[in-house]
Amino acid sequence: MIVANRLPVDRVTDARGRSTWRRSPGGLVSAIEPVMRAHDGVWIGWPGGTQKFKPFKVDGLDLVPLAMSAEEIEEHYEGFSNGTLWPLYHDVVAKPEFHREWWDTYVRVNRRFAERAAELAAEGATVWVHDYQLQLVPQMLRELRPDLRIGFYLHIPFPPAELFQQLPWRRQILEGLLGADLVGFQLPGAAQNFIRLVRQRVGHKTHRDLVYLPDGRTVRAAAFPISIDAGGFAELAASDAVAERAAAIREALGNPRRIFLGIDRLDYTKGIYARLRAFGELISDGALTVEDAVFVQVAVPSRERVEHYRNLRDDIERLVGRINGDLGRIGRPAVSYLHTSYPREEMAALYRAADIMVVTPYRDGMNLVAKEYVACRTDEDGALVLSEFAGAADELRQAWLVNPYDMNGMKAALLEAYHAEPKELSRRMRAMRKQIAQHDVKAWADSFMTELEDDAAHSHSKTVRPATRS
Ligand SMILES: O=P(O)(O)OC[C@H]1O[C@H](O[C@H]2O[C@H](CO)[C@@H](O)[C@H](O)[C@H]2O)[C@H](O)[C@@H](O)[C@@H]1O
Ligand SMILES: O=c1ccn([C@@H]2O[C@H](COP(=O)(O)OP(=O)(O)O)[C@@H](O)[C@H]2O)c(=O)[nH]1
């Protein structure tokens, strides 16, 4: 059983005012969907909006929608999840807000998720809870159903103690997570942050990646870097339909020498503004021309009722207007900006068309877009410019790694990638493709589930605690 704030589909109102289902935005859904397809099981999540739906099937997936009221959306999803936790866990890139009524609603919604999971899970089932919106669910669920194996996975960074301790409810969150048998993170540093906080703030004994609870249970915290369906993307990218579409995209852009590409949810953590500024400066400096280079930026609408996100959209669109107004020529805008979301086939065509993929978040749990680009470059060409602060940078070491706060460094990397020789490109791309092929989403899910099952056996049989712990 999967328990996540998001279902793979989202109820939205289209341009004509009709309600329809749309694929949910973001990497959590991209990663879990292929895993659920390969297994039996149900997926409990919020279907978007306030409407109540009965359990239903989509493409063979069993979905159990859990409705939220308008107040819950405002206080749990937009408020505590995305106004408090999101910025706090992303290095305080924006200022987190702390409101007691948001916390109360977060607790209430977490309890409803836990109750629904407790009601539906079979005896001894494995329940995998996902992400920062549901950090209290493991403990609540364990209280209701001690027979279950419970795993938790955090898709976003877990901050160092110095930042986490700003949170007035820090202890409750840590205790909530400790309801799981296994707590997974994207990177080892996040797991270490968690273990250290548990020792300091909750006072439990720890040793390496294990936490020893007073009731004799042990909890393991470890890194499981998430990934993509690498084979599926490579196959799609190599198809005739995608090749034709990629050629059509290049043609529509006026056959520039090089296409730069950015694809992100419109989120202030993603560094979209800084990268477009860097590109604009390269043109105004004369290092690039609009005849030679175009920047395609896809900005997926996200969390549009949260003020920070609305302001960001205005800022970016003003910048795109200014760059194109100052530097573009007739039929040759410097930036081709698209405020929309595309299906997988179109994403593969964009990846195939792009010579330089630019991924510059200030902080990102993983960033699947970077991995998808690599998977789609079946000819072993193309350059990836990647922020050091994306989880993906730990694995994709052959990318042009940049610090998104360093404007000149970013400009230099974009230019180097632009001028790179084919031999250099293929040397880097080959190594990155190998990494992604060997560590795909199936390997990610298998390693988490294997560890969860081993861990549960280990923890149930464990009655005596070791004498030496640090
Ligand atoms: O559900 P939304 O509020 O619309 O946001 C979309 C998702 O954004 C976040 O995605 C993260 O998960 C990716 C896969 O592990 C990872 O690559 C990325 O770095 C993360 O930002 C969020 O964690 C999800 O809960 C949201 O559904
Ligand atoms: O128009 C779009 C833009 C993005 N995505 C998908 O959204 C996910 C974004 O995940 P990522 O980890 O890069 O960032 P997140 O949005 O989860 O923070 C990737 O799987 C993309 O393929 C998509 O399907 N259509």
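Structure notes:
- Taking 0.36 nm per residue of separation and subtracting the current Cα-Cα distance, fully stretching the chain between Thr378 and Arg196 would add 61.3 nm.
- Annotation: the residues Ser341, Ser447, sorted from fewest to most other C-beta atoms within 10 Å of their own C-beta, follow the order Ser447, Ser341.
- Cβ-to-Cβ counts within 10 Å put Tyr268, Tyr106 in ascending order as Tyr268, Tyr106, the fewest first.
- Convex hull projection area averaged over all views, the chain, Cα basis, nm²: 22.3 nm²
- Cα gyration tensor shape for the range 230-438, rounded if a/c is under 1.5, else prolate or oblate: rounded
- In the chain, taking the dipole from charged Cβ atoms about the Cα centre, the farthest positive-side position among Gln438, Leu177, Leu288 is held by Leu177.
- Per-peptide packing, taken as the mean over residues of other Cβ atoms within 10 Å, places 310-316, 233-239, 418-424 in the sequence 233-239, 310-316, 418-424 from highest down.
- When each of the peptides 408-414, 142-148 is scored by how many other beta carbons lie within 10 Å of its residues on average, the order from highest to lowest is 408-414, 142-148.
- Within the chain, helix-based [θ] at 222 nm, where runs of 4 or more DSSP H residues each add -39,500 (n - 2.57), nearest 500: -13000 deg cm²/dmol
- FRET efficiency estimate (nearest 0.05) - Cβ-Cβ, Trp21 to Arg427, R0 51 angstrom: 0.70
- The ranking of Glu416, Glu123 from fewest to most other beta carbons within 10 Å of each one's beta carbon is Glu123, Glu416.
- In Hz, Karplus ³J(HN,Hα) per residue of the range 93-109 (6.51, -1.76, 1.60; θ = phi - 60°; x = Gly, Pro): 4, 10, 7, x, 9, 10, 10, 5, 6, 5, 4, 4, 6, 4, 4, 5, 5
- A straight chain from Arg397 to Asp59 at 0.36 nm per residue would run longer than the Cα-Cα distance by 118.0 nm.
- Whether the range 235-337 is rounded, prolate or oblate, judged on the alpha carbon gyration tensor where a/c under 1.5 counts as rounded: oblate
- Shape of the range 157-249, Cα gyration tensor, a/c cut at 1.5: prolate
- Computed over the range 1-143: relative contact order in percent, which uses C-alpha pairs under 8 Å that are six or more apart: 25 percent
- For the chain, DSSP calls about 25 percent of its internal beta bridges antiparallel.
- Here the range 13-28 is scanned for amide nitrogen atoms under 16 Å from the site 7 Å beyond the Cα of Glu304 along Cα-to-Cβ, giving 13-26.
- Förster radius 60 Å - calculated FRET efficiency between Glu291 and Ala38 (Cβ-Cβ, nearest 0.05): 0.80
- Tyr337 long-range amide H proximity, modeled H, under 5 Å: Gln297
- The modelled label-to-label distance between Ala161 and Asn255, using points 7 Å beyond Cα along the C-beta direction, is 6.2 nm.
- In terms of packing, defined here as the mean over residues of other Cβ atoms within 10 angstrom, the peptides 127-137, 281-291, 168-178 line up highest first as 127-137, 168-178, 281-291.
- The range 230-438, relative contact order in percent, only Cα pairs under 8 angstrom and at least six apart counted: 26 percent
- Volume of the Cα convex hull of the range 75-233, divided per residue and given in Å³: 131 Å³
- Antiparallel bridges, percent of DSSP beta bridges restricted to the range 230-438 (to nearest 5): 5 percent
- Here the label points at His339 and Ser284, each 7 Å from Cα along the C-beta direction, are separated by 2.3 nm in the simple model.
- In this calculation the C-beta distance from Asp91 to Ser239 is compared with R0 = 35 Å, giving a FRET efficiency of 0.35.
- Evaluating 6.51 cos²θ - 1.76 cosθ + 1.60 at θ = phi - 60° for every residue in the range 169-184, the Karplus couplings come out as 10, 4, 5, 4, 5, 4, 5, x, 5, 5, x, 7, 7, 9, 10, x Hz, glycine and proline recorded as x.
Where a number appears in this text, it was derived from the coordinates with a stated rule and is not lab data. In this text, all values refer to a predicted model and were calculated from it rather than measured experimentally. Here the Cβ is made from the backbone with ideal geometry for all residues, glycine too, and neighbour counts use every protein chain on show.
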